[in-house]
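Here's the structure we're looking at; comments come further down.
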Amino acid sequence: APTRTAYPVTPPVRFLQENLGSWRTVALGGCFLANVPLVYGLRDVRVDNPSQPEIHAMLTRAVNRNPLTPRFGKPRHPVYDLLGVRYLMARPGQKLPLRPVFRHREAWVWERPNALPPLFLPRRARIFRGEDWLRWVERNTDFSARALVAPSPGHSRNWRSRAVIPSRVD
């Protein structure tokens, strides 16, 4: 059977296809099962695979309600910013502390305004020196302001930007 019959493009999926760009998405609850967005060319942060990388499982445990079957929640959690999640999809009528940008009887889509691009420069960085990195990540409320980076030759001190100059990476 052709893909269009097994995986029809619904209006909420079309909205994401047209607006997602380089950002990522996530669906809350059981609205849009993990791995299915890949069929539509959408970058979803959920992974439903027993061989999921351990680092991903650890990083997303603050927002994942079930490590065996991804069921993400906590739509305002800062780890979504770090992962570049711009849009969340959920069942129609669900109350979320975000701005809805698309409403349809099959699903609603909300926008997360502080999602970080895949490549970004934080305002300051701290060199990782063997402390509990996961605890540091879980306590960080703004990844654009603070980052934990690996040490590298010639760069052994913490770093802070001097002037806040609007910039972008192309």
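The values are calculated or read from the model by the stated rules, or taken from the named source; none is laboratory data. Here the structure is a predicted model, which means the values were calculated and not measured. As a convention, Cβ positions derive from the backbone with ideal geometry for all residues, glycine included, and neighbour counts pool all protein chains shown. Surface areas here come from the heavy atoms of the whole protein model, side chains and all, with no ligands, DNA or RNA. Shrake-Rupley method; radii C 1.70, N 1.55, O 1.52, S 1.80 Å.
Going by a ≥ b ≥ c, the root eigenvalues of the Cα gyration tensor, does the stretch 56-128 fall in the rounded group (a/c under 1.5), the prolate group (a/b larger than b/c) or the oblate group? In terms of gyration-tensor shape, oblate. Looking at the chain alone, DSSP beta bridges between its own residues are antiparallel in about 55 percent of cases. At 1.4 Å probe size, with every protein chain present, just tell me what the per residue accessible area of the stretch 44-141 comes to in Å². On a per-residue basis, the stretch 44-141 sits at 60 Å².
A Förster distance of 30 Å, applied to the separation of the beta-carbon atoms of residue 65 and residue 18, puts the FRET efficiency at 0.50.
Ordering 84-91, 65-72, 132-139, 148-155 by mean Cβ neighbour count within 10 Å, with the highest value first, yields 84-91, 65-72, 132-139, 148-155. Here Rg and Dmax of the Cα atoms in Å was calculated from the structure, and among (1) 17.8, 54; (2) 17.8, 58; (3) 16.0, 51 it sits at label (2).
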